[in-house]
Amino acid sequence: MEGDCLSCMKYLMFLFNFFIFLGGACLLGVGIWVIVDPTGFREIVAANPLLFTGAYVMLAMGAMLFLLGFLGCCGAIRENKCLLLF
């Protein structure tokens with residue numbers, strides 16, 4: 001019974017880290033799109049340059065969540081305590 005519970009926790013931890021990984025990938029993609037797209041979002045940003053700074057913040061947060069989710073998924077599957085604590 002105890003092994004089943006630990007196995008369930010392992011896969012739940014993988015699932016939650018996978019959602020963090022996907023969220024980071026989405027933020028990273030939107031951040032790259034906002035910075036690279038010459039016409040779409042830059043017209044809106046031209047009115048307020050503070051929004052353009054927000055795009056860089058979104059890019060950095062997306063990259064951090066992407067890396068954190070990836071390491072969490074690897075740590076959960078391999079049961080590596082060091083990766084999970086990171």
Q: Kindly write out, for the range 50-63 in residue order, the coupling ³J(HN,Hα) from the Karplus curve 6.51 cos²θ - 1.76 cosθ + 1.60 (θ = phi - 60°), rounded to whole Hz, with x marking Gly and Pro.
A: 5, 5, 5, 5, x, 5, 5, 5, 5, 5, 5, 5, x, 5
(Q) Net charge around G75, counting only other residues with Cβ within less than 12 Å of its Cβ (Lys, Arg = +1; Asp, Glu = -1)? (A) +2
Q.
I'd like to check one number: the per residue accessible area of the chain, probe 1.4 Å, reported in Å² as a whole number.
A. 71 Å²
**Q.** Relative contact order %, the chain, counting alpha carbon pairs below 8 Å whose residues are six or more apart
**A.** 42 percent
Q: Report, to the nearest 10°, how far helix 2-36 tilts away from the longest principal axis of the Cα atoms in the chain, using its own Cα long axis and a range of 0 to 90°.
A: 10 degrees
Q. Of all accessible surface on the chain at a 1.4 Å probe, what whole percent is carbon and sulfur?
A. 77 percent
Q) Which one, (i) 55, 26, 16; (ii) 60, 19, 16; (iii) 39, 24, 19, gives Cα extents along the principal axes in Å as derived from the coordinates shown? A) (ii)
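The values are calculated or read from the model by the stated rules, or taken from the named source; none is laboratory data. Keep in mind the model is a prediction, meaning the values are calculated, not measured. Note: ideal-geometry Cβ built from the backbone for every residue, glycine included; neighbour counts use all protein chains shown. Remember, those area values only see protein heavy atoms, side chains included, never the ligands or the DNA or RNA. Shrake-Rupley method; radii C 1.70, N 1.55, O 1.52, S 1.80 Å.
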